[in-house]
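Read the structure below first, then the notes.
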Amino acid sequence: MKIFLDTANRELIKKWLPTGLIDGITTNPSHLSKEGSDVKQVISDICAMVPGPISVEVVEKTPEAVYAQAKHITTFGEQVVVKIPCASQYFPVIHKLVQEGVSINVTLVFTPLQALMVAKLGVMLISPFVGRWDDIGVDGFTLLEETVNIKNLYDFDAEILAASVRSPLQWQKIAQLGVDAVTVPPAVFEQAINHPLTEKGMAIFDADWNKLGVNGSL
Ligand code: E4P
């Protein structure tokens, strides 16, 4: 399973990149809005740090402007993937961009059928938002499961990138579905990689070892 960090925060990316677990980054306008007004610098810095796919979302509205902005976004770096919302007016744009070889991540996907439709366009990534379903009392996990089943039935090339993940437990359930990738906020990543019993176990081993009085040598 590929693991992406769902953030535009350079310090947090720098913090977790050395773990060797981070395959890519997903930014969005909300994430970027927290990093100051020099958005180009933020994206360039992330591109310099992370070799894997970095999703950058269009913020224009008309299909023509979205197309032009998508082309511009690709100039930030070879690994940049253009994020476009799953809205019908953008399907012709996505179709054209895919034919031109642009890597697309279709975002704000909320149903298995939306996923099936964008898969037919040959996009690189499809991002179903699990947590936002849960936020309004609908079982996002089941919808993701149905999406994965459809992907397996039709064997489409697009990768499912489970998004809007709220907790390590939700991530663990998602992992059991066999999705291609997940994007998690740094806080969820940190919660998942550590465990209080690991910390406690290390402290016990330390205390016992120190009783030997050999100063850490073996
Ligand atoms: C995905 O690419 C999005 O950036 C993200 O997962 C949005 O999730 P949210 O519901 O936490 O805003």
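The orientation-averaged shadow of the Cα convex hull for the stretch 61-208, equal to a quarter of the hull surface, comes to 11.3 nm². Counted over the chain, the DSSP beta bridges are approximately 0% antiparallel. Taking all Cα pairs closer than 8 Å and separated by 6 or more residues, the relative contact order of the chain comes to 17 percent. Entry note, the stretch 16-87: relative contact order of 32 percent, from Cα contacts under 8 Å with a spacing of 6+ residues.
For the chain, which span is the longest to avoid every loop-located (per DSSP) member of trypsin sites (Lys or Arg not before Pro) having at most 14 other Cβ atoms inside 10 Å? After excluding every exposed loop site, the longest remaining stretch is 62-210.
The lysine pair count for the chain, using Cα distances under 19 Å and pairs eight or more places apart or on different chains, is 22. Inter-part distance, the stretch 1-42 to the stretch 103-123, computed on C-alpha centroids, equals 22 Å. A full extension of the chain between N152 and V39 corresponds to an added length of 36.9 nm, given 0.36 nm per residue minus the alpha carbon distance.
Working note: Karplus 6.51/-1.76/1.60 with θ = phi - 60° gives the stretch 116-121 the couplings 4, 5, 5, 4, 4, 7 Hz, where Gly and Pro are set to x.
Which residues among the stretch 154-190 fall inside the zone where the amide N is under 11 Å from a point 7 Å beyond the Cα of A203, along Cα→Cβ? Hits in the stretch 154-190 for A203 at 11 Å: none.
Bear in mind these aren't lab numbers, they're just calculated from the coordinates by the rules spelled out. Quantities reported herein were computed from a predicted structural model and do not represent experimental measurements. Every residue, glycine among them, receives a Cβ derived from its backbone with ideal geometry; neighbour counts consider all protein chains shown.
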